[in-house]
Amino acid sequence: MRCFWDERQRAHDPAHEFFNGALHPAADVPGRIDSILAALPPTEAPDRRSAEELRAAMRLAHDGEYLDLLACAHDEWLAEGRTGDVLPYAFPVQRRPLDLQRIDARVGAYAYDTCAPIAAGTWGALEAGTDTLLAALDAVQGGEHAFALTRPPGHHAGAAFMGGYSYVNWAAVAALASGRQTAILDLDYHHGNGTQDIVVWHEGVRFASLHADPRTDYPFFWGHAEESGGNVLNLPLPRGTGVAAYDAALAQACEWLGEDAPDLLVVSFGADTFEGDPISHFAIRTGDYAKLGRRCAALGLPTLVVLEGGYAVDALGHNVAGFLSGF
Ligand code: OKP
Ligand code: ZN
C-alpha cells in the first residue's frame, strides 16, 4: 500500500463550525494528520501539477462557478472588510435564479450547512489535496493499492455544494478521472451525500454507502434506505452498531459492487465509526478495522483509499493503519 500526503494540505485550518446554536472549535483539525502520519510508513509527496491541470480534474466532479467561488471567497470576504473564516449562514432553498451580489449570499448558494468554513489557506490545501489524490490514483492505475491522505474530507461536497467539512469530493474526482468502471464504497459514519449527488445515474460508477441512519444523524436529508436504486445502494445502520452487524452490511455492499465487474475500487474511509469517536455513535473497535479492510480487499481490485472523517485523534492513526493493513 503506497501512501501519499502533501504538507501544503495543512494550510486548511478553519477555527470554528456552527451547530447546536453555537460556534464550536472545528473537529477537522490538522492534528488528525499527525496521528495518522505517526502510524503509517513514510508517505510520498506527490508531483505538483499545474493549476489548470488540478482544476480540470476537479471539474470532472464539480461545477465551474462553484470552484471559482471556492478559489476567491476568502479574498472577497476580506475585501468586504471581514476578518476570520467565511462561514455561510443563509441558504436559498427556493432555488430561483437570483442576482446575488454579496459574498454572504454567494457562499450560501453553494452550501447546505454551517460546517464548511473557508479559511485563508483552504483553496491552496484543496489544490494540494488534488495533487495527493491524483498521485495515488496513478499508483492504482498501475495496479497497486494506494492511500491518499486527503484532508479536508470530501464526501459531503456535491457537484455545486459544500458542507460537512467537505469542499472537493475526492472519491468522485478519482472515479471520474480514472476513466474506468469504478466501485465507490463509503465507510464513513456519515452518509456520502455529496458523492451520491455527483455519481447518481453515472454510467461506469456504482456507489454503496454504510452510514448512520439519517433519521437520527447528519446529514439528515440524504442516505435513507429507500433512497437506493440504479447505481446507488444505501445501507443505513442504527446507532450502537458494532463490528458484527457492520461487517454483514459490508459484505452485502461488496457483493453488490462486485456485480458490475468494476476495474477499480475507491474507498471513502472514515474512522468516525470508532467506538470512541466524539461526534459519532457506532461501536467499532481499533482491532476490528483490519477485518473490515480484508473484507474490502477480497473484492480483488486495485484500490484507492481516500480519507474522510475520524475525530478521536489519539486512536485515529491506529484505526486507519489497521484498515489499510487488511490490504
Ligand atoms: C464530516 B465527515 C456535529 C455537527 C455536525 C458536521 C459533521 C460533518 C462530518 N454534532 N457537523 O463525514 O466525517
Ligand atoms: Zn463522518
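Compared with the dominant Cα axis of the chain, that is its longest principal axis, helix 313-325 is turned about 50°. Between the residues Ala125, Leu265, Thr83, the greatest Cα displacement towards the positive end of the dipole of the chain, with unit charges on the Cβ of Lys, Arg, Asp and Glu, is found for Leu265.
Counting alpha carbon pairs within less than 8 Å and at least 6 residues apart, what relative contact order, in whole percent, applies to the stretch 8-140? Working shown, then result.
On the way: 133 pairs, mean separation 54.6, N = 133.
Dividing the mean separation by the residue count of the stretch 8-140 yields 41 percent.
Here the scattering of the stretch 169-327 is modelled by Debye summation over its C-alpha atoms, one equal scatterer each and no solvent; at q = 0.15, 0.18 Å⁻¹ the log10 of I(q)/I(0) is -0.70, -1.05. Helix 243-258 and the longest principal axis of the C-alpha atoms of the chain enclose an angle of approximately 90°. For the chain, the longest principal axis of the Cα atoms and the long axis of helix 64-79 meet at an angle of about 50 degrees. Over all orientations, the stretch 123-198 has a Cα convex hull whose mean projected area works out to 4.9 square nanometres.
Rounded to the nearest whole Hz, the Karplus-based 3J(HN,Hα) values (6.51 cos²θ - 1.76 cosθ + 1.60, θ = phi - 60°) of the stretch 123-130 follow the sequence 4, x, 5, 5, 5, 5, x, 5, with x at glycine and proline. For the chain, relative contact order (Cα pairs under 8 Å, six or more residues apart, normalised by length) works out to 19 percent. Placing unit charges on each Cβ (+1 for Lys and Arg, -1 for Asp and Glu) gives the chain a dipole about its Cα centre, and among Tyr112, Gly31, Ala244 the Cα reaching farthest toward its positive end belongs to Ala244. Every Cα-Cα pair of the stretch 1-53 was included, and the share exceeding 13 Å stands at 70 percent.
For the chain, the Kirkwood hydrodynamic radius from C-alpha pairs, put into Stokes-Einstein at 37 °C and a viscosity of 0.692 mPa s, yields a diffusion coefficient of 169 µm² per second. In deg cm²/dmol and to the nearest 500, what is the mean residue ellipticity at 222 nm of the chain if only DSSP H runs of at least 4 residues count, each as -39500 (n - 2.57), divided by the residue total? Helix-only estimate at 222 nm: -10500 deg cm²/dmol. The order of the peptides 290-297, 245-252, 156-163, 271-278 by mean Cβ neighbours within 10 Å, most packed first, is 156-163, 271-278, 290-297, 245-252. Averaging the sequence gap over all C-alpha pairs within less than 8 Å and six or more residues apart, then dividing by the number of residues, gives the stretch 230-327 a relative contact order of 33 percent. Near the amide H of Asp263, within less than 5 Å, lie the amide hydrogens of Gln181, Thr182, Ala183, all on another chain or at least 5 residues away, with H placed in the peptide plane. The base-10 log of I(q)/I(0) for the stretch 1-160, evaluated at q = 0.13, 0.18 Å⁻¹, reads -0.67, -1.18 [Debye formula, identical scatterers on Cα atoms, solvent excluded].
Coordinate-derived values only; no laboratory data. In this text the structure is predicted, and so the values were computed from the model without any measurement. Note: ideal-geometry Cβ built from the backbone for every residue, glycine included; neighbour counts use all protein chains shown.
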